[in-house]
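Structure first, then comments.
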Amino acid sequence: MSRMPLSTERRVYPRRVGYDPTRPRPGLERTAYALFFTALWVMVVLAYGVVPSVFRHYGWMKTPLGFAAFAAIEAVLAFLLASLVALILIVVLRKYLGKVQERVGPMHYGPAGAFQTVFDALKLLAKEDFAPKRADWLIFRLAPAIVFVSAFLLMVAIPVAPGWLIADLDVGLLYIVAVSTLGAYGVVLGGLSQGNKWGLLGAFRAGAQLVSYEVPLAIALLSVGVFAGSLRFTEIVEQQYGLWNVVPLFLSFVVYLVASIAELKSTPFDLPEAESEIIAGYNTEYSGMSFAFFFLAEFVELFLLPGFMVLLFFGGWHGPLFGLDPQSFAAGLLQSLYFLVKVAVWIWIFLWIRATLPRFRDDQLMDLAWKGLLPLSLAGLMVAALLRIFLEVV
Amino acid sequence: MRGPTTITPVPGRTDEMILNMGPQHPATHGVLKVVLGLDGERITRAVPHIGFLHRNHEKIEEARTYIQIITYTDRMDYVSGLQNELPFILAVEDLLGVEVPKRAQYIRVIFFELYRIASHLVWLGTGMLDLGAITPFLYTFRDREKILEIAEKTAGARMLPNYFTFGGVRRDVHPEFFKDVAAFLDFFESRLPDYRALVLDSPVFQARAVGVGVLPKERAIARGASGPVLRASGVAYDVRKAEPYDAYPELEFEVPTRPEGDVYARFWVRFREMEESVKIIRQALEKVPKTGPYKGKVPPRIKPKPGARYRAVEISRGHLGAYVVSDGSEYPLRIKHRSPSFANLQLIPDLFVGARFADAIAILSSLDPVFGEVDR
Amino acid sequence: MSVLGFAVLAGLVLAGALVAVLSENIVHAAVALAFTFFFVAGLYVLLGSPLLAVIQFAVNAAAIPILTLFIIMTTQSRRVRPAAGVFYLVAGVLAVVFLAGLWAYLGAPQEAFQPLGPEGLGVRLLTVTLLPFEVASVLLLLAMVGAVVLARRREA
Amino acid sequence: MTELRFKKTTEFDEEVYAVHPEDYRALLEALKAEGFDYPRSLTGMDTGYGLRVVVHLYGMESGKKATVYTDVPYDDPVVPSATDLWPGLEWFEREAYDLVGIRFAGHPDLRRILLEEDWTIHPLQKRYDTGGYLLPDWQPAPWPETPPWEEPEAREEGGEA
């Protein structure tokens, strides 16, 4: 029997613009992501710094018309920022997973695949937004909107530098607890309304998980509030000069970290959308833009929860200022950059966890929340209260 | 879809939800449908339905000559395709009275164990994917690719190589084959600690796997379970030891067993088997005659004498048997393939009922069925 | 501006409440109820108490409807029969009683409205209203224990 | 049961029992008692004159192998089920019923397993071609004068197993 001639060479793919797996271009990738980061920074400066400062400086906020204009502009900016965050984070996630998994990730569209999400979003826009016959149409359509609005409302509460914020809420901590519960509401409604048993299971899991983890999360936030003596973000951040809260409130930080991963529904807590168990859980029947809304909200939260973590435990915008006046515009630029860099580091850690771990089981998840995190968070609250009293006495 | 649903709601019982898991479900490894009764997340009833991939090999094979049938056997367990050829070939060789040269025996063993590693890598990746970890999947598929490349160089195909034949192998190995295999083994051994860290030593994995889906020893034997499923229940039954074939009697290896019978034990046994396979291949590489025929003397027209023969081998999933009945003509009277996944899947009602839904996924991936061989 | 806002919000509150009462679909009713509470939170903002608004939002508009939805999910039927005549009668009587009480309250002299901040509320809860606060928490604990006992599966 | 009607031969390395269908169940019980605790396989086949059940057994302790088979006529293909002895044969018996048409008396759940419920034929019978259509000129062979479980002089019938 004669030997069959075999090619020992790897198949070579046709060369296309921006796509050549045989020639990795790390420089191009780095440039693309640096540009992304810059774009994000510019948007943050615009939305949190320039527009509110201008309105406050000229006193336009006092008049009803000015307030309405401010609200409208900020809504548009926050929406753009949220979309930008989601667009960037999705492609960063895919690229990062590619790196971890020793593959290239998106390569086709844009430099090193940087515009992949844009085309994904366009594809989702072009797809039929299908509602099953058995779905409760009204609720089915309302749910993604609720989820997205809750993520979007949370963006309002973030201060990125001294005086750079959209709304200075004196109950900021309570506000984020309240609004993030609203997200759980949308997820439960979405799973419940689609007339699909997988969706129902996903809604059950999502509801149970999000409501359970809301409790330790809220107590962890509360311990920060108790320690700082205020529920206002700006004051909490200001008090972290010299010593970040992560040191005295380490217990609360751990609770917040775990609970926020659970709030994000990211591995190892991705049970509500565990694709190998319950297909896609609460978004099984969603397609097109409705699905995109869930997706966008998830990635906006992937930005927001590390953002709050940085504000509460890692000194927010604190960093070396090189002698600049903290209230000046240049210092604001620098401080918002510090904030973004810290957030980026934490997003990276979240993605790292997501890429590494398998997922828990639903009852283990509940056990962890109620038997592990809740006592831990209460201990953290007591530590915070004792430290507060100690500091006041001294 | 397929016939009436075998679970009907109990009248008046409102806390049970009836759920069709599959045939299009991401974690059923193909096309299994399990009708589940769910009380919350706890499974109260489970009825498996198979046959979605049925193409009646056994009828087709009755209309094919023996040499043509080898191609069909490949298609049963497509994840470890090459291994499926062997029991049929062994049975026909017995009926023909053909001697297999030593070199061919060793080449068979090397290929057989390479495909065991490849198959276990697929199982490891998809099993962890079922448990929610995406990264091991890509690692294992990358390593498996190297095995398939080695196989492609010699056999000309990757998943369904159709390489073994009566009396030996179809053609001699590629000149670089032994060097490639040795290089792969070195590479693979350097990867094993990573897999151990990502899977067996991961606390989250242990939380999901320890004590889940416990299969007692007696039940495993009575249900006809085989392979790692049986060995994880503490039964050291391995066809390679019980009825050795090819060069296995001359090779030293352990049969890893574990007494617990849970999902973790099944993962652990498969993991150890990969290490044992490396050991076997290393010995075979040393002992294989460097020259000599790769195929014994086989008549040009294969007409086994009338009779019947059942032969079994230990493929990645367990005891794969072939029952060949010949009437002395060029066409077999009957060929029965006894596939391990088919028998192992009977355990679904035993293991699922009482487990949580998420456990069911872990249990199913620890049984590691391949539906090409279940449905045949 | 605040009058306009009040009119809009009050209209939304009333509309939501009507949908919640009259809808045949329980899920719709629950969602409408949540929206009603949400708009009530808006009224609190107009009254100058963001704290109360946020608490209303967190507890009544978000947490309680989720639990309601959980109960709906665990039940089989998603539809209810529309209310019969006798319910309208009872509702009418209750409405009249409520309006009469409101009339009597509005007729009485009132103190100036003084919204509480977070500190004020905390101090008040731990001083003036400490006893009712503690009693309420004990009651809630009892209710929780009772719910656990009721929900526990009886082993056959 | 006084005297079991079977014929024992040794082929290659296993014991082969050809047994009368009425004694099939009793022989399996005896083998189970003898220590054959692992059900390797169960095959249904069409011999041309009837249907045959072949059971392959293995003793985990002894390492011994045994094959038991029995023939039943086409018009009454009923064999007692062995699922209570080896629960692992449940699906194998269902498969033999599904593809070959042997009915197992006492099987707990004898439904079709690989084919859909609405199939009417048993495709592995020789009277059908690979497409599942009746072969026009197929005739069953006559029942052998010496069935496999009786001592023959020289049997040439295919599938003596």
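Out of B:Leu285, B:Leu351, which single residue is more than 13 Å from every other protein chain (Cβ to nearest Cβ) and surrounded by 24 or more Cβ atoms within 10 Å (Cβ to Cβ)? Talk me through it step by step, then tell me what you get.
Values: B:Leu285 fails: surrounded by 24 or more Cβ atoms within 10 Å (Cβ to Cβ).
The match here is B:Leu351.
Looking at the structure I just gave you, is B:Ala236 over 24 Å from B:Phe357 (Cα atoms), among the small types (Gly, Ala, Ser), assigned to a loop (DSSP other than H, G, I, E, B) and modelled with pLDDT of 85 or more? Please lay out each step first, then the result.
Working: over 24 Å from B:Phe357 (Cα atoms): yes; among the small types (Gly, Ala, Ser): yes; assigned to a loop (DSSP other than H, G, I, E, B): yes; modelled with pLDDT of 85 or more: yes.
So B:Ala236 fits the description; yes.
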Conditions (1) among the β-branched types (Val, Ile, Thr); (2) more than 9 Å from every other protein chain (Cβ to nearest Cβ); (3) under 11 Å from C:Leu69 (Cα atoms); number of the one not met by A:Ile176: (3)
Report every pair of residues separated by at least 6 positions or lying on different chains whose Cβ atoms are under 7 Å apart, first residue within the range D:114-137 and surrounded by 13 or more Cβ atoms within 10 Å (Cβ to Cβ), second polar (S, T, N, Q). D:Pro123/B:Asn56
Considering only the range B:202-221, I want to know if a residue exists there that is within 12 Å of chain D (Cβ to nearest Cβ), in contact with a strand residue (DSSP E or B) (Cβ under 9 Å, 6 or more places away or on another chain) and of a type outside the set (Asp, Glu). yes
Which listed residue is of a type in the set (Ser, Thr, Tyr), farther than 19 Å from A:Gly163 by Cβ and not in a loop (DSSP other than H, G, I, E, B), from A:Ser276, A:Ser336, A:Ser266: A:Ser276
B:Ala133: in a helix (DSSP H, G or I), within 14 Å of chain A (Cβ to nearest Cβ) and either at pLDDT below 90 or over 13 Å from the mean Cα position of the chain (by Cα) (or both), yes or no? no
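With the structure loaded, tell me whether B:Lys241 is within 14 Å of chain D (Cβ to nearest Cβ) and either out of contact with any Ser or Thr (no Cβ under 7 Å at 6 or more places or on another chain) or closer than 19 Å to B:Ser80 by Cβ (or both) or whether it fails that test.
yes
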Restricting to the range D:30-70, count the residues that are buried (at least 24 other Cβ atoms within 10 Å of the Cβ), more than 9 Å from chain B (Cβ to nearest Cβ) and more than 15 Å from D:Lys8 (Cα to Cα). 3
Scan the range D:113-146 residue by residue and report those that are under 19 Å from D:Tyr49 (Cβ atoms), more than 10 Å from chain B (Cβ to nearest Cβ) and not aliphatic (A, V, I, L, M). D:His122, D:Arg127, D:Asp137, D:Trp138, D:Gln139, D:Pro140, D:Pro142, D:Trp143, D:Pro144, D:Glu145, D:Thr146
Flagged pairs (Cβ under 8 angstrom, 6 or more apart or on separate chains; first in the range B:227-238, more than 11 Å from every other protein chain (Cβ to nearest Cβ) and closer than 11 Å to B:His319 by Cβ; second among the polar types (S, T, N, Q) and buried (at least 23 other Cβ atoms within 10 Å of the Cβ)) are B:Gly227/B:Ser316; B:Gly227/B:Asn344; B:Val229/B:Asn344; B:Val229/B:Ser366
Answer yes if at least one residue in the range B:249-269 is farther than 20 Å from B:Thr140 by Cβ, free of Cβ contacts under 8 Å to residues at least 24 places away in the same chain and within 14 Å of chain D (Cβ to nearest Cβ), and no otherwise. yes
Return a yes/no flag: does the range A:135-147 have any residue that is buried (at least 24 other Cβ atoms within 10 Å of the Cβ) and more than 10 Å from chain C (Cβ to nearest Cβ). yes
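Go through the range D:24-76 and report how many residues are in a loop (DSSP other than H, G, I, E, B), hydroxyl-bearing (Ser, Thr, Tyr) and in contact with a strand residue (DSSP E or B) (Cβ under 6 Å, 6 or more places away or on another chain). Give the derivation first.
Within the range D:24-76, the first condition is being in a loop (DSSP other than H, G, I, E, B), and the residues that meet it are D:35-37, D:47-50, D:59-64, D:73-76.
Those left that are additionally hydroxyl-bearing (Ser, Thr, Tyr): D:47, D:49, D:62, D:74.
Then drop every residue that is not in contact with a strand residue (DSSP E or B) (Cβ under 6 Å, 6 or more places away or on another chain), which leaves none.
Within the range D:24-76, residues that are in a loop (DSSP other than H, G, I, E, B), hydroxyl-bearing (Ser, Thr, Tyr) and in contact with a strand residue (DSSP E or B) (Cβ under 6 Å, 6 or more places away or on another chain) number 0.
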What residue, among those in the range B:53-77 that are away from every other protein chain (no Cβ under 13 Å) and either under 18 Å from the mean Cα position of the chain (by Cα) or at pLDDT below 85 (or both), is surrounded by the fewest Cβ atoms within 10 Å (Cβ to Cβ)? B:Thr71
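Can you go through A:Asp363, A:Asp325 and tell me which one is charged (D, E, K, R), more than 14 Å from chain B (Cβ to nearest Cβ), farther than 18 Å from A:Leu84 by Cα and surrounded by fewer than 19 Cβ atoms within 10 Å (Cβ to Cβ)?
Values: A:Asp363 fails: more than 14 Å from chain B (Cβ to nearest Cβ).
The conditions single out A:Asp325.
Yes/no per residue for (1) within 14 Å of another protein chain (Cβ to nearest Cβ); (2) crowded, with 24+ Cβ neighbours inside 10 Å:
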position	(1), (2)
A:Ala218	yes, no
A:Val246	no, no
A:Phe250	no, no
A:Phe295	no, no
A:Leu302	no, yes
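The values are calculated or read from the model by the stated rules, or taken from the named source; none is laboratory data. It should be emphasised that the depicted structure is a prediction, and the values quoted were computed from it without experimental measurement. Here Cβ is always computed from backbone atoms with ideal geometry, including for glycine, and neighbour counts include all displayed protein chains.
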